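Any read-out appearing in this document is the output of simple, stated calculations on the displayed coordinates, not a laboratory observation. All values derive from a computational prediction rather than experimental measurement. Here Cβ is always computed from backbone atoms with ideal geometry, including for glycine, and neighbour counts include all displayed protein chains.
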Amino acid sequence: MGQCVVARVTHWYEVVVHGAHPTSTTADDDSRNADDSDRLLAAAMALAGRRPAILTGAGVSTDSGIPDYRGEGTRQRARRPVRFGEYVASDHARRRYWARACVGWPSIRDAQPNATHDAVARWCLSGRATGCITQNVDGLHQRAGATEVVELHGALRLVRCLACDRVVEREAVQDQLLANNPWFAALLAGRSAGDATGAAPDGDTDLDDEMIARFHIVDCVCGGALKPAVVFFGENAEAPVVQAAWRMSEASTALLVLGTSLEVWSGRRFVEAAAKRGLPIVIINRGPTRSDHLATVRIDGSIAEALVALTP
Ligand SMILES: [Zn+2]
């Protein structure tokens with residue numbers, strides 16, 4: 001057994017660490033055939049002596065009850081999100097957003113960090129990782145204690161005025177929304193606590209048009225339109241946030257990708273940059289990702305199980 005492990009380690013050390021990184025067909029073929037423990041060992045070897053940046057997506061929060069947009073079985077949940085241009089231009093779009101978000105918010109607000117968030121926090125706090133670049137807007141990495149977190153797509157816990165830039169807590173806006181719409185508050189109270197049915201990672205959810213038409217939204221004290229401090233479809237991530245993510249990425253000597261299918265360029269660019277630098281890239285996700293061909297090691301399965309096994 002010991003010999004077997006040594007042989008495996010030597011093998012992976014050659015193909016993964018010394019060997020020509022992801023472009024090697026041998027490494028690709030081997031990784032496809034390797035079993036889970038081989039992959040974990042390979043991941044540990046790839047990250048040994050390295051200080052990765054950790055890139056996370058919706059898949060790390062599904063264990064906290066926040067559904068993934070693109071994970072297994074989510075196709076039927078797909079719905080049209082409000083786009084930025086539409087949100088700014090249309091009073092109806094803003095009503096639609098806030099009515100739906102009003103239903104979804106409590107399940108995001110009350111979600112608890114899971115084993116993956118805890119493990120990511122340990123990597124960050126111990127200095128083993130340079131930090132965490134997250135595409136999530138749920139704030140669960142920070143709630144688990146992680147300090148070096150860049151929220152690439154913003155934070156749902158904050159709301160910003162489009163006119164005067166004032167920032168307010170989402171929870172305060174929720175209180176005002178419920179006060180403006182007592183009938184809606186009664187409807188929400190009828191839902192069981194923590195029921196995330198129909199909710200999506202952005203706190204949005206499904207509602208019928210009649211309810212949306214009756215819904216009174218909340219404006220800023222300046223009279224401007226409020227918008228959650230998250231990046232909408234059709235909107236770019238904020239430049240200072242992206243710059244912080246690049247600094248974290250550039251200070252890293254590996255990349256650990258968790259729970260994202262890497263469909264969106266704003267996250268995928270960090271994988272491409274790490275590959276260009278020849279850094280080891282470990283991807284742990286349930287299902288395929290768009291950057292699997294760049295992975296030094298690819299683990300398809302439970303993120304929490306794999307990450308906990310890799311966490312010192
Ligand atoms: Zn304002």
Report task. Rank these for me by crowding, Tyr97, Tyr87, going from fewest to most other beta carbons within 10 Å. Result -> Tyr87, Tyr97
Report summary line: Here the relative contact order (percent) of the range 104-190, from C-alpha pairs under 8 Å and at least 6 apart, is 20
Query - Projected label distance in nm at Ala273 and His293, using a 7 Å step from Cα toward the beta-carbon - result: 2.2
Query raised in the report: Along its principal axes, what span do the Cα atoms of the range 132-183 show, with the longest given first and each in whole Å?
Result: 39, 26, 15
Report task. Go from 0 up to the bin containing the longest alpha carbon distance in the range 83-163, width 5 Å each, and give me the % of pairs per bin. Result -> 3, 14, 19, 20, 15, 11, 9, 6, 2, 0
Query raised in the report: Given q = 0.20, 0.23, 0.24 Å⁻¹, what are the Debye log10 I(q)/I(0) values for the range 121-161, with equal point scatterers placed on the Cα positions and solvent ignored?
Result: -0.56, -0.70, -0.75
Query raised in the report: Just for the Cα atoms in the range 35-173, what are the lengths along the principal axes, largest first, rounded to whole Å?
Result: 54, 35, 26
Report task. Please state, to two decimals, what the Cα-based radius of gyration of the range 252-294 comes to when divided by 2.2 N^0.38 Å (N = residues). Result -> 1.02
